Every structure is written in C-alpha cells, then in structure tokens.
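Enquirer: Structure in structure tokens, see below.
The values are calculated or read from the model by the stated rules, or taken from the named source; none is laboratory data. Quantities reported herein were computed from a predicted structural model and do not represent experimental measurements. Here the Cβ is made from the backbone with ideal geometry for all residues, glycine too, and neighbour counts use every protein chain on show. All accessible areas refer to the heavy atoms of the entire protein, side chains included, with ligands and DNA or RNA removed. Shrake-Rupley method; radii C 1.70, N 1.55, O 1.52, S 1.80 Å.
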Amino acid sequence: VTRYIEQQGSVNPAIDIYQRWPGFFAWTAELGELTGFLDPVRYAGLLEPAFALLDALLVFAIARSISRDHRWCWSAATLFALSNWVAQNYFAPQAFAYTLQLFVCLLLFTALQSPPRAAALWLERLVRRVLR
C-alpha cells in the first residue's frame, strides 16, 4: 500500500481494505519521501524488532513510573517481551497503534504522579458538592 501511494500519489479503495484506511501507509510513504528510503520493503522487515524493543522499553518505563525497584521493572519488561507473541509487530497500523497506546499509558502514569493542579482540585470539590 505504501508503494502504491508513493507511485500513484493516491489510494484506490477498490483494491483492498488497506486502501480504505491509508493513514499509516500514507504517513510511511511521506516519511520515505522525506528520508529518501523510497522502497518500504527495505525497512519493513526492521520494524518488527524495532517495535518489539520500543514496546519493551515503554513497558519498562511504565513499570518505572509505578515502582523504583529496578528488579521489578526489568522483570515486567522481560515478562512482556517473553509473552509477546511472534509476528504481531509487522509493518501494519496495529503495531504502530499499540506502541502509541503504550506511550499514552506512560504519559498518564507520569502525569498522575504529580500533585493535583488547582483546576483539578476545584473540579474535585465541584463533583463532591454535586454528589452529596
């Protein structure tokens, strides 16, 4: 699909389902144009180990935001890497979305560690008054 977008400059929804949801492939086609890597076959095979490594690092960072015990964090990342089934991180929107989901979880866990801001405290008081 990425190659088709690079060559044609657009998508053809009549070809297959991936042509109907081309966001990821259009993004990789544009990234290929910017970096000079115009053949996605050359780098698509590298994405599986790259996604696996990045996902394991994100799980480690999430565990680190919960606990400061390095053994627990490394255990969580190792267990994740060992239990992560093979061939799910291929060149597809699902692998990219999963990595983004882990990143959003990391952002939420780190944001929840900070003390509440004035707006959050005001909202909490408002909700308590309403629920009484």
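Enquirer: Quick test of your reading of the structure: Leu31 fulfils all but one of (1) over 25 Å from Phe109 (Cα atoms); (2) touching a residue at least 24 places away in the same chain (Cβ under 8 Å); (3) in a helix (DSSP H, G or I). Name the failing condition by number.
Expert: Result: Leu31 passes all but (2).
Enquirer: Would you check if there is a residue in the stretch 64-79 being charged (D, E, K, R), at pLDDT 85 or above and within 19 Å of the chain's Cα centre (by Cα)? Write out each step before concluding.
Expert: If we filter the stretch 64-79 for residues that are charged (D, E, K, R), which is where we start, we get 64, 68-69, 71.
Applying the additional criterion that residues be at pLDDT 85 or above yields 64, 68-69, 71.
Remaining after also requiring within 19 Å of the chain's Cα centre (by Cα): 64.
Yes, the stretch 64-79 contains at least one residue that is charged (D, E, K, R), at pLDDT 85 or above and within 19 Å of the chain's Cα centre (by Cα).
Enquirer: Being loosely packed, with under 12 Cβ neighbours inside 10 Å and basic (Lys, Arg) narrows it down to one residue among Arg71, Arg64; which is it? Don't jump to the end; show me each part of the working.
Expert: Numbers: Arg64 fails: loosely packed, with under 12 Cβ neighbours inside 10 Å.
Exactly one of Arg71, Arg64 is loosely packed, with under 12 Cβ neighbours inside 10 Å and basic (Lys, Arg), namely Arg71.
Enquirer: List every residue pair whose Cβ atoms sit under 6 Å apart, with the two residues 6 or more apart in sequence or on different chains, where the first one lies in the stretch 73-95 and is in a loop (DSSP other than H, G, I, E, B) and the second, anywhere, is surrounded by 13 or more Cβ atoms within 10 Å (Cβ to Cβ).
Expert: Pairs found: Asn89/Glu48; Asn89/Phe51; Asn89/Ala52; Asn89/Ala95; Tyr90/Glu48; Phe91/Ala44; Phe91/Leu47.
Enquirer: Do we have Gln7 as open to solvent by 60 Å² or more (accessible area, probe 1.4 Å) and not in a loop (DSSP other than H, G, I, E, B) here? It would help to see each step written out before you state the result.
Expert: Details: open to solvent by 60 Å² or more (accessible area, probe 1.4 Å): yes; not in a loop (DSSP other than H, G, I, E, B): yes.
Here the answer is yes, as Gln7 does meet what is asked.
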